Each structure stands twice: as structure tokens, then as C-alpha cells.
Amino acid sequence: MSGHSPGSPMADAATATAAVEPVSDAAPEAALAPPPPQPGAAPSRRDWLLTDAPASRSQAAWGRRYQAWLAFRRNPLAMVGLGVILAMLVLILLAPLIATHDPGAQELGNRLAAPSAAHWLGTDELGRDVWSRILYGGRITLGMVVAVVLLVAPLGLLVGCVAGYAGGVWDRLLMRVTDIFLAFPRLILALAFVAAMRPGVESAVIAIALTAWPPYARLARAETLTIRRTDYVAAARMTGASPARIVLRHVMPMCLPSLVVRVTLDMSSIILTAAGLGFLGLGAQPPLPEWGTMIATARRFILEQWWVALMPGIAIFSASLAFNLLGDGLRDVLDPKQR
């Protein structure tokens, strides 16, 4: 009887072969399976942001921001608006680098030239490059819009929160002043304020700011009337917090999401108001390349040399539409009534 005795070299080789053969059959399936998570492995950044049990207030805050971004990203039109705004900001910030000509340089021998390789968007009635003037004009127009927002948003938020939280005489007084400003069309009231001052960029910013704050005050007051009845405001009042601290630390932060949405939606109307003042000669004064002023000076050539007035008009239209799309997306994300 032939065989290998236990412990011999041939027996050990046979045992090793038999042990390896089943493993080789299952090797392809084991290679396709994902590796099991290691007990001590650190979670990915996405898992860290989307966890249901945050370990700190900072992690919870970043998680809320990330979830809001995911919800915003699912809106394609909002992403288009955000992309257009970012592209416009990059262009106007890089205007000294990408402008092909000096925006104020005149070339009368090449006036009202059609778009070409030398002048991408043509020239105006004084031979100035329209492309370069639109780039530098965006700094003025959008700069005016940013200045107006920085003035009216805090003012409207403060007035509305104080009126809603204080109530009584303060509420009636502040809201009656707000009603007076709301009774007039924004552009007409801005024209009246600019007429009382001297035309210019600063006067236009102040006039638009004085006419744009009432809607924000109304919105903040409506939010405050609901917030002041909440339990955490009552708890803060019981701990001895002053009304000013409650308004600044507890009420105003809760009103910010709705205010951000309203500001974004109002950006387009602020752009149109600024351009309208420039078109009427009460905003930025020539030779400043402001978009509304460019349309005003080019309206005589709108039928024959259409590019002179069309290009700044497209810039105004694109900026207004982009802010509207962005505001709609932010409203879907930040406004709890839309969820």
C-alpha cells in the first residue's frame, strides 16, 4: 500500500495544496468586494458633515451649511445664476488685465466702428472701446449695488427688529415712517432725493438706499413678531438679558435667512434703479463708464449702430436675471415656508 506517512514532506505539500485550492476559487469574488471598514479609521469629510450625531457645535453648523449647499446645487437655474454672477465678478475684478483698451481713450477717427478683432464689441460715438468700458462700468454699477445693500440691509433689519420686539409706540412710529416711504415708487422717490443733492455716484447710492430699506424693515418686523414669543427668547429674558442684547444676539440672527433671500431678489431692482438714474443723467456722470450712462449716450444710434447701446443693455439684463435666479434658489433653501 503506497502512501505518505504523516509528517513527511510529501504529506505536508499535499495538505498545503488542498488548503489553497478553495481559496483560489473564491479569490475573484473577494477581490471585487469592498474592504471592510477599519474600526479606528477616520470618517470621510462628507460623512463628517452629514453625520446625525455631531460632536461639536462647529460640526453641526458646517453640516447645516453643507446640506444647504447640496439642496441649492440641485436647482440648475440657481447654479446658472450663481455661475453668471461669479463670472461677472471675475471679469470686472480682472478688468485692468483683460481690457483691450483704456476705457476713456478717444479715437475719433474710429468712432462708431462695428465689432471687430481690434474692438470686440465695437466703439462708441467718441471712438472708445465698448468692451473695455463695459468691464470698468461693471465696477461702478455693481459697486453701487453692493454699497446700497450694505447700507439698507442692516438699517432695515434693525428698524424691523426693534419695532417688532418693542411694540407699542415704537412699533407704530417706526411703521408709519416705513409706510410713508412705501407710498412712493422707488425710482420717483430716488429722483426726488438726487434732485435735492448733486448728481453723482454718491448721491445715487444714498438716494437708492433711502428708498430701498422699508421692505426689509417690514419683513424683519413680521419675523420678529413670531420670534419674540419663542421659548428661548423667554428664557433669555428670564436670565436677565437686556432687550438690546436679545434683539442683537437672538432675534436678528433668526431674521437673517429671510433677509438674505429678499436682498438677493432685490438686487435686480437695485441694478435697474441705478442704471435708470444713470440713464436720466442723475447717477454716474460722463465720462464714467456706467452701464446706464452708456445707454443714455448711445440712444441716438440705437437703430444704425445698435451695438453701442445693446452691449451695456445685455450686461444689465444678464446681471438682473442672474440675481433673480440666485434669489429663487436661495429662497428654496433658506425659507422654511418653501420646504
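The values are calculated or read from the model by the stated rules, or taken from the named source; none is laboratory data. All of these numbers come straight from a predicted model, not from anything done at the bench. Note that we place each Cβ from the backbone using ideal geometry, even for glycine, and neighbour counts take in every protein chain shown. With ligands, DNA and RNA removed, areas are computed over all heavy atoms of the protein, side chains included. Shrake-Rupley method; radii C 1.70, N 1.55, O 1.52, S 1.80 Å.
In the stretch 181-196, which residue that is aliphatic (A, V, I, L, M) and under 18 Å from PHE279 (Cβ atoms) is most open to solvent (accessible area, probe 1.4 Å)? Can you show your working first?
Our first condition is that a residue be aliphatic (A, V, I, L, M); within the stretch 181-196, this holds for 182-183, 187-192, 194-196.
After this cut, where a residue has to be under 18 Å from PHE279 (Cβ atoms) as well, the list is 187-192, 194-195.
On the way: LEU187: 69, ILE188: 96, LEU189: 27, ALA190: 0, LEU191: 40, ALA192: 58, VAL194: 1, ALA195: 76 Å².
Among residues in the stretch 181-196 that are aliphatic (A, V, I, L, M) and under 18 Å from PHE279 (Cβ atoms), the one most open to solvent (accessible area, probe 1.4 Å) is ILE188.
Return the residues of the stretch 196-217 that are closer than 18 Å to ARG262 by Cα and in contact with an Asp or Glu (Cβ under 9 Å, 6 or more places away or on another chain); say none if nothing qualifies.
First, the residues of the stretch 196-217 that are closer than 18 Å to ARG262 by Cα: 208-217.
Matches in the stretch 196-217: ALA212, PRO214, PRO215, TYR216.
Restricting to the stretch 58-114, name every residue that is open to solvent by 50 Å² or more (accessible area, probe 1.4 Å), of a type in the set (S, T, N, Q) and more than 18 Å from PRO312 (Cα to Cα).
Once the filter is applied, which keeps residues that are open to solvent by 50 Å² or more (accessible area, probe 1.4 Å), of a type in the set (S, T, N, Q) and more than 18 Å from PRO312 (Cα to Cα), the stretch 58-114 yields SER58, GLN67, GLN106.
The rows are residues; the columns are (1) buried (at least 19 other Cβ atoms within 10 Å of the Cβ); (2) of a type in the set (Val, Ile, Thr).
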{"residue": "HIS119", "(1), (2)": "yes, no"}
{"residue": "THR123", "(1), (2)": "yes, yes"}
{"residue": "LEU135", "(1), (2)": "yes, no"}
{"residue": "VAL146", "(1), (2)": "no, yes"}
{"residue": "VAL159", "(1), (2)": "yes, yes"}
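Residues checked against (1) of a type in the set (Lys, Arg); (2) modelled with pLDDT under 90; (3) touching an Asp or Glu at 6+ places or on another chain (Cβ under 8 Å):
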site: LEU77; (1), (2), (3): no, no, yes
site: VAL84; (1), (2), (3): no, no, no
site: MET88; (1), (2), (3): no, no, no
site: LEU97; (1), (2), (3): no, no, no
site: ARG128; (1), (2), (3): yes, no, yes
site: GLY138; (1), (2), (3): no, no, no
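Please find, within the stretch 105-162, the residue that is nearest to THR211 (Cα to Cα) out of those that are basic (Lys, Arg) and not in a helix (DSSP H, G or I). Steps first, answer last, please.
Start the filter on the stretch 105-162 by keeping residues that are basic (Lys, Arg), which leaves 111, 128, 133, 139.
Then drop every residue that is not not in a helix (DSSP H, G or I), which leaves 111, 128.
Numbers: ARG111: 39, ARG128: 34 Å.
That would be ARG128.
Quick check, is MET267 in contact with a Cys (Cβ under 9 Å, 6 or more places away or on another chain), assigned to a helix (DSSP H, G or I) and either closer than 25 Å to LEU142 by Cα or open to solvent by less than 40 Å² (accessible area, probe 1.4 Å) (or both)?
On the way: in contact with a Cys (Cβ under 9 Å, 6 or more places away or on another chain): no; assigned to a helix (DSSP H, G or I): yes; either closer than 25 Å to LEU142 by Cα or open to solvent by less than 40 Å² (accessible area, probe 1.4 Å) (or both): yes.
Criteria not met by MET267.
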